[in-house]
Amino acid sequence: MTSDTDTSWAATLHVRPIRGIASEFQDIAGAYVFVLAKALNDAHYRELVTAEMEGIGLTVIELMDSDRFVSSADDAPDIRDCAMRLSDEWPVQYGSFQAYPYDDA
């Protein structure tokens, strides 16, 4: 039996650099990234990932397909790695950023 604290949530985030904050992301317009977190519910997940992204100089523009995460044999290696690293000490894990260099909008 698992408790609420054992629940993992996942989503794909659309992020953009926070202008005026020095970070490795200042030369991109934005990126998409898979993010996994140990969270009590969807609201808690959103709080955790928003804080994590802000901590590395990114703001969350859109959060897509947020749902409870259940690993499967079909998971991509990036996703399996995130799930394996997830812990109470490191409750937010993310895959590779799929950056785009400019914004057409």
In the chain, which strands (runs of 3 or more DSSP E) lie fully inside it and hold 3 or more residues that are open to solvent by less than 40 Å² (accessible area, probe 1.4 Å)?
-> 8-17, 30-38, 58-68
Residue match in region 2-17 (condition: within 19 Å of residue 99 (Cβ to Cβ) and more than 12 Å from the chain's Cα centre (by Cα)) | yes
Among residues of region 53-68 being touching a Leu at 6+ places or on another chain (Cβ under 9 Å) and among the β-branched types (Val, Ile, Thr), the residue farthest from residue 8 (Cα to Cα) is 61
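The values are calculated or read from the model by the stated rules, or taken from the named source; none is laboratory data. Predicted, not measured: the structure shown is a model, and the values here were computed from it. Cβ sites come from the backbone with ideal geometry, for glycine too, and all protein chains shown count toward neighbours. Side chains are part of the model used for accessible areas, which takes the heavy atoms of the whole protein and leaves out ligands, DNA and RNA. Shrake-Rupley method; radii C 1.70, N 1.55, O 1.52, S 1.80 Å.
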